[in-house]
Amino acid sequence: MTSRASEQRNPYKGTPPRAWLVVRFKARNGSIEELQLLADTGSPCAFIISNSALIRLRRGLTSTSQSNFGQMRGGWLRVEMPELNVQRKLLGYGNDMVVSTAKKSHPDFEGLVGLPFLRLVEYGGDADSFWVRPLQGSGPQLK
Amino acid sequence: MATLTDQEINENAYRQLKDSIKRDYPAGRFVAIDGGKIVADAATFDELDEMLNTLGKTSPDIMVVEAGVDYPEYFDILLPSLRS
């Protein structure tokens, strides 16, 4: 992972090569945890992580949903990425099958990051890497 | 008879309270459900968090919903190439 000013730029990784990000979460006990998440602009969920990570990191429950990967347990996750002007709670889901499927691409992947998070930043890619940076003219996104 | 977990109690309560939350709270208001009932509400999640802390309610099994938001009951996670 490289950083230019507040940009996070990551060379594609895995087989086949995938776009990915490191997302930083703040647990209720104040501890910070970073997860490498496969970037999927087609995902309607901000985050899909393992059930154990969701239990560790969630700040509150939301309703459980179903998916083509089975049950999705919902929870509020606090994203702590001031360098991207994103410090807010977002809905995440726990589903171990999604995580194990992502790990088939690369074992470092601990889930997916989807459009509800990506639309809070500017994102892009080229032949070699995928990057995110703060939205132009955006202030801190707190909610 | 199996005992319900706090999580299940709060999820079941949410299903029952869904319509009244929609009716009684302005859209965007954050509402907390614990022990099967509404225990607090606030304009932002952070305010609600503070309120819950003050009340000594710090369990991650407390349900928090945003009034006016319809949480999807089903998602299609595409990723066909990942599934193979």
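The values are calculated or read from the model by the stated rules, or taken from the named source; none is laboratory data. Note that this is a predicted model, so its numbers are computed, not measured. Positions of Cβ are backbone-derived with ideal geometry, glycine not excepted, and every protein chain shown enters the neighbour counts.
If I ask for residues that are loosely packed, with under 14 Cβ neighbours inside 10 Å and in contact with a Phe, Trp or Tyr (Cβ under 9 Å, 6 or more places away or on another chain), which ones from region A:6-30 would you list? A:PRO11, the sole residue that qualifies. Could you tell me which residue of region A:93-127 is surrounded by the most Cβ atoms within 10 Å (Cβ to Cβ), considering only residues that are under 15 Å from A:ILE49 (Cα atoms) and away from chain B (no Cβ under 12 Å)? My answer is A:VAL113.
Report, by residue number, each residue of region B:36-56 that is surrounded by 14 or more Cβ atoms within 10 Å (Cβ to Cβ) and not in a strand (DSSP E or B). Before the answer, list the steps.
Filtering region B:36-56 for residues surrounded by 14 or more Cβ atoms within 10 Å (Cβ to Cβ) gives B:36, B:38-42, B:44-46, B:48-49, B:51-52.
If the condition is that a residue be surrounded by 14 or more Cβ atoms within 10 Å (Cβ to Cβ) and not in a strand (DSSP E or B), then B:GLY36, B:THR44, B:PHE45, B:ASP46, B:LEU48, B:ASP49, B:MET51, B:LEU52 are the ones that fit.
Quick check on my filter: what residues within region A:39-90 are crowded, with 22+ Cβ neighbours inside 10 Å, at the interface with chain B (Cβ under 8 Å from one of its Cβ atoms) and under 19 Å from A:PHE109 (Cβ atoms)? Passing the criteria: A:ASP40, A:SER43, A:CYS45, A:ILE48, A:MET72. Being touching a helix residue (DSSP H, G or I) at 6+ places or on another chain (Cβ under 7 Å), at negative phi and of a type in the set (Asp, Glu) is a property that A:GLU110 has.
I'm trying to understand the selection: among the residues of region B:43-65, which are of a type in the set (D, E, K, R) and within 21 Å of B:GLU8 (Cβ to Cβ)?
First, the residues of region B:43-65 that are of a type in the set (D, E, K, R): B:46-47, B:49-50, B:57, B:61.
Passing the criteria: B:LYS57, B:ASP61.
Does A:ILE32 meet the test of being among the β-branched types (Val, Ile, Thr), over 22 Å from A:ARG119 (Cβ atoms) and at pLDDT 95 or above?
Working: among the β-branched types (Val, Ile, Thr): yes; over 22 Å from A:ARG119 (Cβ atoms): yes; at pLDDT 95 or above: yes.
Answer is yes for this residue.
Taking region B:1-35 as the range and being over 22 Å from A:LEU54 (Cβ atoms) and buried (at least 18 other Cβ atoms within 10 Å of the Cβ) as the test, the residues that pass are B:LEU17, B:ILE21.
Is it the case, given these coordinates, that B:ALA42 is of a type in the set (Gly, Ala, Ser) and in contact with a Leu (Cβ under 6 Å, 6 or more places away or on another chain)? Judged against the criteria, B:ALA42 is a match. The set of residues in region B:31-82 being at pLDDT below 90 and touching a helix residue (DSSP H, G or I) at 6+ places or on another chain (Cβ under 8 Å) consists of B:THR58, B:SER59, B:PRO60, B:ASP61, B:ILE77, B:LEU79, B:LEU82. When region B:43-69 is filtered for residues that are small (Gly, Ala, Ser) and within 12 Å of chain A (Cβ to nearest Cβ), the ones remaining, listed by number, are B:ALA43, B:SER59. A:THR15 meets the conditions (1) more than 30 Å from B:TYR14 (Cβ to Cβ); (2) touching a strand residue (DSSP E or B) at 6+ places or on another chain (Cβ under 6 Å); (3) of a type in the set (Ser, Thr, Tyr) in every case but one. The failed one is (2).
Taking (1) in contact with a helix residue (DSSP H, G or I) (Cβ under 6 Å, 6 or more places away or on another chain); (2) modelled with pLDDT of 95 or more in turn, A:ILE49 satisfies each apart from (1).
Find the helices (runs of 4 or more DSSP H) located wholly in region A:28-143 whose residues include 1 or more that are under 20 Å from A:LYS13 (Cα atoms), and list them.
Details: elements: A:51-57, A:96-105, A:115-118.
Helices (runs of 4 or more DSSP H) meeting the threshold: A:96-105, A:115-118.
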